[in-house]
Structures are given as structure tokens and as C-alpha cells.
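Colleague: Submitted below is the structure of interest, expressed as C-alpha cells.
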Amino acid sequence: MDENRHRITINIAGKDQNFSNIAPEEEEFMRMAAKMISSKVDEYKKKYTRLSDQDALSVTSLIFVTQLIKERRNNDAGDFEQKISELSNSLDEYIKTNL
């Protein structure tokens, strides 16, 4: 194990999970993610009292991954729009100088 990496225990939805070989700069993000997951699981369990822990975790995972996919698509669209704009500008320059 790298000297800077270490083991951590993170509580997710009431259960301790052990992770090894974690870089210090990743630990903060993992703890934040665990807190968000736990909060969302608690929210669903309060709203839907018959929901099991496993089902609440599944619904939470689905919600977070759906948001991630949406954000990635939005970012991809932004990159695409930027490339179109750059190509359009290049084409305008070419027309001005060559035609």
C-alpha cells in the first residue's frame, strides 16, 4: 500500500463499510458521498415507511446515477456546441481570407 493511502471506515445508511488503499484527497469526497446517500435513504424510508433498507439504497442509487447521466449529457452537449462554434468561426475566417 502506498504510504499516503490508508484504510477508512465510512457509515453508509447505518452500516459501517471499510475501504482500503484510499488517497487522502479522496477521503473527503467519499465521506461527503456517504452522507448524501445516507440522507437520501433516510428521506425515502420516512416517506415510504414500508421500504426496506435494500430498496431504499436501490432507489437512492437510481436517483443519483440518473442525475449523473443527465449532467454528463449536458456537459457533452456543451462541448459539442463549443466545437460547432469553433468550426463556424474557422469557416468564417477562411471565407473572409480566401473568397
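The values are calculated or read from the model by the stated rules, or taken from the named source; none is laboratory data. Fair warning: this is a prediction, and the values are worked out from it, not measured in the lab. Cβ atoms come from the backbone with ideal geometry, glycine included; neighbour counts cover every protein chain shown.
Colleague: Quick one: in the stretch 68-94, of everything that is under 30 Å from Ala33 (Cα atoms) and basic (Lys, Arg), which residue is modelled with the highest pLDDT? Reasoning before the result, please.
Modeller: Taking the stretch 68-94 as the starting set, the residues that turn out to be under 30 Å from Ala33 (Cα atoms) are 68-80.
So of that shortlist, the ones also basic (Lys, Arg) come out as 70, 72-73.
On the way: Lys70: 90, Arg72: 86, Arg73: 84.
Once the filter is applied, the top-ranked residue is Lys70.
Colleague: Hey, another quick one. When the residues of the stretch 11-38 are filtered to those that are of a type in the set (Gly, Ala, Ser) and either in contact (Cβ under 8 Å) with a residue 60 or more places away in the chain or surrounded by 13 or more Cβ atoms within 10 Å (Cβ to Cβ) (or both), which remaining residue is farthest from Asp53 (Cα to Cα)?
Modeller: To start, the set of residues in the stretch 11-38 that are of a type in the set (Gly, Ala, Ser) comprises 13-14, 20, 23, 33-34, 38.
Still in the running and either in contact (Cβ under 8 Å) with a residue 60 or more places away in the chain or surrounded by 13 or more Cβ atoms within 10 Å (Cβ to Cβ) (or both): 13, 33-34, 38.
On the way: Ala13: 8, Ala33: 17, Ala34: 15, Ser38: 11 Å.
Out of the qualifying residues, it is Ala33.
Colleague: Among the candidates Ser58, Ser85, which residue alone is over 24 Å from Ile12 (Cα atoms) and part of a helix (DSSP H, G or I)?
Modeller: Ser85
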